[in-house]
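**Q** Can you keep this structure in mind? I'll have questions shortly.
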Amino acid sequence: MAKPKSVSVAIDIGIAEQDRAKIAQGLSRLLADTYTLYLKTHYFHWNVTGPMFQTLHLMFEVQYNELALAVDALAERIRSLGYEAPGSYKAYAKLSSIEETDHVPEATDMIRLLVKGHEAVTRTARKVFPAADKASDESTADLLTQRLQIHEKTAWMLRSLLQS
């Protein structure tokens with residue numbers, strides 16, 4: 001979990017330390033899920049084949065680029081709260097709710113796995129809201145809202161590809 005970063009100046013942003021710790025822990029799980037989904041999406045981008053190649057290759061590129069920006073925003077929010085952002089595969093493996101994919105699935109299975117991944121990130125983000133709300137942490141709530149909108153929309157778009 002997120003560890004306090006030793007600082008020479010106390011953090012006084014109107015959020016108690018125990019609340020900042022709880023929020024940072026939740027954001028660390030969200031960061032791990034987001035990074036794992038980023039890696040999976042990038043992996044699928046490299047390896048997709050079949051009749052939907054061009055569409056999926058480009059779609060996955062847009063998605064992994066968006067996820068790359070998201071991991072930065074999440075890590076910076078954790079740092080703003082005074083905690084270290086996790087950044088190792090070992091830490092992400094412990095924190096993430098998304099399973100790695102270590103084989104190249106068929107294109108439609110890639111889509112299904114990404115739908116599951118975006119839905120998992122959405123559930124993880126929702127779990128952080130109570131702590132952010134309790135602490136009146138509007139900055140985190142805003143970031144969570146943005147992430148939810150993106151992941152819900154992306155899951156919908158991916159699901160649409162699976163409908164006949």
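**Q** Of all residues in segment 60-92, which are touching a helix residue (DSSP H, G or I) at 6+ places or on another chain (Cβ under 8 Å) and among the aliphatic types (A, V, I, L, M)? Explain how you work it out, then say what you get.
**A** Restricting attention to segment 60-92, the residues satisfying the condition of being touching a helix residue (DSSP H, G or I) at 6+ places or on another chain (Cβ under 8 Å) are 60-61, 63-64, 66-68, 70-71, 73-75, 77-78, 80-87, 91-92.
Matches in segment 60-92: LEU67, ALA68, ALA70, VAL71, ALA73, LEU74, ALA75, ILE78, LEU81, ALA85, ALA91.
**Q** Quick check on this structure: which one of LEU158, LEU144, LEU113 is among the aliphatic types (A, V, I, L, M), assigned to a helix (DSSP H, G or I) and over 15 Å from LYS40 (Cβ atoms)? Lay out the reasoning, then the answer.
**A** Working: LEU158 fails: over 15 Å from LYS40 (Cβ atoms); LEU113 fails: over 15 Å from LYS40 (Cβ atoms).
None of the others qualify; the one that does is LEU144.
**Q** If you don't mind, there's one more thing I want to ask. On the basis of being of a type in the set (Gly, Ala, Ser), surrounded by fewer than 14 Cβ atoms within 10 Å (Cβ to Cβ) and out of contact with any Phe, Trp or Tyr (no Cβ under 9 Å at 6 or more places or on another chain), does SER80 make the cut?
**A** Details: of a type in the set (Gly, Ala, Ser): yes; surrounded by fewer than 14 Cβ atoms within 10 Å (Cβ to Cβ): no; out of contact with any Phe, Trp or Tyr (no Cβ under 9 Å at 6 or more places or on another chain): yes.
Taking the combined requirement at face value, the residue does not satisfy it.
**Q** Also, quick follow-up: Kindly indicate whether GLY117 is closer than 30 Å to ASP12 by Cβ, surrounded by 13 or more Cβ atoms within 10 Å (Cβ to Cβ) and not hydroxyl-bearing (Ser, Thr, Tyr). First the steps, then the outcome.
**A** Values: closer than 30 Å to ASP12 by Cβ: no; surrounded by 13 or more Cβ atoms within 10 Å (Cβ to Cβ): yes; not hydroxyl-bearing (Ser, Thr, Tyr): yes.
No, not satisfied.
**Q** Can you tell me which residues in segment 52-69 are at pLDDT 95 or above and surrounded by fewer than 18 Cβ atoms within 10 Å (Cβ to Cβ)?
**A** Going residue by residue through segment 52-69, those that are at pLDDT 95 or above are 53-69.
Selection gives PHE53, GLN54, THR55, HIS57, LEU58, GLU61, VAL62, ASN65, GLU66, ALA68, LEU69.
**Q** Can you tell me how many residues within segment 43-65 are out of contact with any Phe, Trp or Tyr (no Cβ under 6 Å at 6 or more places or on another chain), more than 13 Å from LEU158 (Cβ to Cβ), in a helix (DSSP H, G or I) and in contact (Cβ under 8 Å) with a residue 12 or more places away in the chain?
**A** 5
**Q** Which ones in segment 16-54 are touching a helix residue (DSSP H, G or I) at 6+ places or on another chain (Cβ under 8 Å), hydroxyl-bearing (Ser, Thr, Tyr) and within 22 Å of LEU69 (Cβ to Cβ)?
**A** SER28, THR34, TYR35, THR36, TYR38, THR41
**Q** Can I ask one more? Yes or no: segment 83-96 includes at least one residue that is surrounded by fewer than 19 Cβ atoms within 10 Å (Cβ to Cβ), polar (S, T, N, Q) and in contact (Cβ under 8 Å) with a residue 24 or more places away in the chain.
**A** So far as segment 83-96 goes, no, none of its residues is surrounded by fewer than 19 Cβ atoms within 10 Å (Cβ to Cβ), polar (S, T, N, Q) and in contact (Cβ under 8 Å) with a residue 24 or more places away in the chain.
**Q** Might you let me know whether segment 15-24 holds any residue that is of a type outside the set (Phe, Trp, Tyr), touching a strand residue (DSSP E or B) at 6+ places or on another chain (Cβ under 6 Å) and either more than 20 Å from THR101 (Cβ to Cβ) or free of Cβ contacts under 8 Å to residues at least 12 places away in the same chain (or both)? Talk me through it step by step, then tell me what you get.
**A** To start, the set of residues in segment 15-24 that are of a type outside the set (Phe, Trp, Tyr) comprises 15-24.
Keeping just the survivors that are touching a strand residue (DSSP E or B) at 6+ places or on another chain (Cβ under 6 Å) gives 24.
Okay, now just the ones that are also either more than 20 Å from THR101 (Cβ to Cβ) or free of Cβ contacts under 8 Å to residues at least 12 places away in the same chain (or both), so 24.
Within segment 15-24, one or more residues are of a type outside the set (Phe, Trp, Tyr), touching a strand residue (DSSP E or B) at 6+ places or on another chain (Cβ under 6 Å) and either more than 20 Å from THR101 (Cβ to Cβ) or free of Cβ contacts under 8 Å to residues at least 12 places away in the same chain (or both).
**Q** Pull up segment 120-153, narrow it to residues that are within 13 Å of LEU81 (Cβ to Cβ) and polar (S, T, N, Q), then point me to the one that is surrounded by the most Cβ atoms within 10 Å (Cβ to Cβ).
**A** Ranking the candidates gives THR140 first.
**Q** Cβ-Cβ under 8 Å, sequence separation 6+ or interchain: first residue in segment 109-125 and free of Cβ contacts under 8 Å to residues at least 60 places away in the same chain and among the aliphatic types (A, V, I, L, M), partner crowded, with 19+ Cβ neighbours inside 10 Å and assigned to a helix (DSSP H, G or I). Which pairs?
**A** Once the first residue is free of Cβ contacts under 8 Å to residues at least 60 places away in the same chain and among the aliphatic types (A, V, I, L, M) and sits in segment 109-125, its partners that are crowded, with 19+ Cβ neighbours inside 10 Å and assigned to a helix (DSSP H, G or I) give ILE111/LEU56; ILE111/LEU158; VAL115/ALA155; VAL115/LEU158.
The values are calculated or read from the model by the stated rules, or taken from the named source; none is laboratory data. Note that the structure is a prediction, hence the values are computed from the model and not measured. Here the Cβ is made from the backbone with ideal geometry for all residues, glycine too, and neighbour counts use every protein chain on show.
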